[in-house]
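Right, one structure below, let's go through it.
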Amino acid sequence: MIETPINILCEELNKIVTHIRDAKTQERIIIAAANAGSEDARMLLTHKTDEKKFLYNAVIISAYGAYERYIESLIDEYIEKQGKMLQKFFQLDKTIRDNYIENWKLLHKNLQYKKYATINEKDLVKNLYDVIYRGKGCVKSECYYKPNGNYKSKIINEVFQSIGIQATNIKEYCKIPEEDALTLSYETIVNNVDEIIERRHIIAHTSGKIDDILDGDMLQLYLCHLKMYAETLHDFMNDRLIERFWSGLKEEHSIIQADNAMKESHVLVFKNVNGVLFVKDQWVTICMPKGTYPRYKFVKVEEIRAVKKSGDKVNEVRRLTPKSTYFEVSMSFNDQTIIKQKVKVANKVF
C-alpha cells in the first residue's frame, strides 16, 4: 500500500492553512490596536495590501512545492512497490519495459536538475545494467518525472500512461463531502488545482505587478480542493497497485467468492469452501464487484464461523485449513464497506 506521500502532503497543507489563519488573526489584532491609538499598528495597516500579496505568493508557491513533491513521491512508491512485488523486469507493465531505455537516457541528460541531486551517475549506469542485462525489476522512478514539474491534470495523465496506467476513471475515486455534493464537482476540483499550478507559474516567471490574487478564504478553499484531488490520486494509484498484485494470485489456491452478505454484522457467507487457509486476525485482500470504487482493499478478518456438514452446529473457529472442506463459512471484517454479494476474498496481502 502507498501511504507516506499523502500523509506528508496533508501535514504540509495543514501548516499552510494554519499560516493563513494566523495571518487573519494578526490582521484583526493590528486593526484593533490601530483603533485603540497605536501608531505602530497604524503604520502596519499602511502595508496591508502588500502583506496580502506576500501571503498569496507564499501560499501558492508553498502549496505547489508540496504538491509537486507529493506527485513524484507517489510515482516513487508505485514503481518501487511494483518492483518489489514482481521483482523481474519482464514482469513489469509492458509500457514501462518498452520506454525504459529512452526515459533512462532523458534522465541521464537532465541530471543537472536539483530534483536529481541525490542520483549518482555511476549508480545510474549500474541500474541500467541491472535492469536490462540482469533482468531485475529495480527501475528508477525518476525516469518518469517531468523535469520542469508543472503537474497539471493533463501532465499527470501523461505520466500515468508512461507507467502503464490508463487514467480514464480517476473521478470515480473522488470523495466529495455530502454537504458539497450538490455544488461541487470533480471537474471543478481539478480545474482549481490546475489554476493553482498556473498561478504558481505566473508568480515564478512573470515580471511586473500581479493584481489577480486570491484572499485568505479562497486560498483555503483551493487548498481543500488540492487535498481532495491528491487523495483521489492516492486511492486511484493504490487500487492500480493492488490490481497488479491480485492478477498474480492463483485463484484456485487463495481466492473464495461470497455467496451472501449480512450487512448488519458486516459478515460475508461462503458455501462449499475447501483448499484454502484463512486465520482469524489475518489481513486479506478484497476484490469488490465491478462498478465499485475502490476495487481492491486490504481488510482484517475479525471472526470466522464454520459448518463442516449440512445440519451441523455453527462453530467459531480460529482457522480454516486447506485439507478440510466446509459446507458453509462466515467471516466478519473490520471494514463495513465491503459487505456486498459477489465480493472475492484472497488470503494474501503484499
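The values are calculated or read from the model by the stated rules, or taken from the named source; none is laboratory data. Everything numeric in this text was worked out from a predicted model, so none of it was measured. Positions of Cβ are backbone-derived with ideal geometry, glycine not excepted, and every protein chain shown enters the neighbour counts. Keep in mind that these areas ignore ligands, DNA and RNA; they rest on the heavy atoms of the full protein, side chains included. Shrake-Rupley method; radii C 1.70, N 1.55, O 1.52, S 1.80 Å.
Please verify whether residue 233 is over 30 Å from residue 331 (Cα atoms), among the hydrophobic types (A, V, I, L, M, F, W, C) and buried (at least 20 other Cβ atoms within 10 Å of the Cβ), treating the condition exactly as stated.
Working: over 30 Å from residue 331 (Cα atoms): yes; among the hydrophobic types (A, V, I, L, M, F, W, C): yes; buried (at least 20 other Cβ atoms within 10 Å of the Cβ): yes.
So residue 233 passes the test.
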> For residue 185, all conditions in the list (1) at pLDDT 90 or above; (2) out of contact with any helix residue (DSSP H, G or I) (no Cβ under 8 Å at 6 or more places or on another chain); (3) farther than 25 Å from residue 59 by Cβ; (4) not charged (D, E, K, R) hold save one; what is the number of the exception?
Replying inline: (3)
> Can you list the helices (runs of 4 or more DSSP H) found entirely within region 171-274 that contain at least 3 residues being touching a residue at least 60 places away in the same chain (Cβ under 8 Å), hydrophobic (A, V, I, L, M, F, W, C) and over 27 Å from residue 71 (Cα atoms)?
Replying inline: none
> What number goes with the only condition from (1) open to solvent by 50 Å² or more (accessible area, probe 1.4 Å); (2) of a type in the set (Asp, Glu); (3) under 30 Å from residue 15 (Cβ atoms) that residue 72 does not pass?
Replying inline: (1)
> Can you name the residue in region 112-136 that is more than 27 Å from the chain's Cα centre (by Cα) and not in a helix (DSSP H, G or I) and, of all such residues, is farthest from residue 244 (Cα to Cα)?
Replying inline: 112
>> Quick check on my filter: what residues within region 30-48 are open to solvent by 90 Å² or more (accessible area, probe 1.4 Å) and either among the polar types (S, T, N, Q) or in contact (Cβ under 8 Å) with a residue 12 or more places away in the chain (or both)?
In response: 35, 46
> Can residue 148 be described as open to solvent by 90 Å² or more (accessible area, probe 1.4 Å), out of contact with any Gly (no Cβ under 8 Å at 6 or more places or on another chain) and in a loop (DSSP other than H, G, I, E, B)?
Replying inline: yes
>> Residue under question is residue 211, and the condition is that it be surrounded by 13 or more Cβ atoms within 10 Å (Cβ to Cβ), more than 27 Å from residue 10 (Cβ to Cβ) and more than 27 Å from the chain's Cα centre (by Cα); does it hold?
In response: no
> Taking region 296-332 as the search range and keeping residues that are modelled with pLDDT of 90 or more and of a type in the set (Asp, Glu), which one is nearest to residue 240 (Cα to Cα)?
Replying inline: 302
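Taking residue 342, is it farther than 26 Å from residue 171 by Cβ and of a type outside the set (S, T, N, Q)? Before you say what the answer is, go through the steps one by one.
On the way: farther than 26 Å from residue 171 by Cβ: no; of a type outside the set (S, T, N, Q): yes.
No: the conditions fail for residue 342.
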>> For region 299-312, check the following and say yes or no: at least one residue is free of Cβ contacts under 8 Å to residues at least 60 places away in the same chain and within 25 Å of residue 233 (Cβ to Cβ).
In response: yes
> Which ones in region 1-23 are of a type in the set (S, T, N, Q) and farther than 23 Å from residue 74 by Cα?
Replying inline: 18
>> If the requirement is being open to solvent by 40 Å² or more (accessible area, probe 1.4 Å) and on the phi > 0 side of the Ramachandran plot, which of these qualifies: 281, 312?
In response: 281
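Tell me, which helices (runs of 4 or more DSSP H) wholly within region 1-92 include 2 or more residues that are at pLDDT 95 or above?
Working: elements: 4-35, 39-45, 48-86.
Where helices (runs of 4 or more DSSP H) fall fully within region 1-92 and carry at least 2 residues being at pLDDT 95 or above, they are 4-35, 48-86.
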> On the given criteria, is residue 95 part of a helix (DSSP H, G or I), among the β-branched types (Val, Ile, Thr) and either open to solvent by less than 80 Å² (accessible area, probe 1.4 Å) or modelled with pLDDT of 90 or more (or both)?
Replying inline: yes
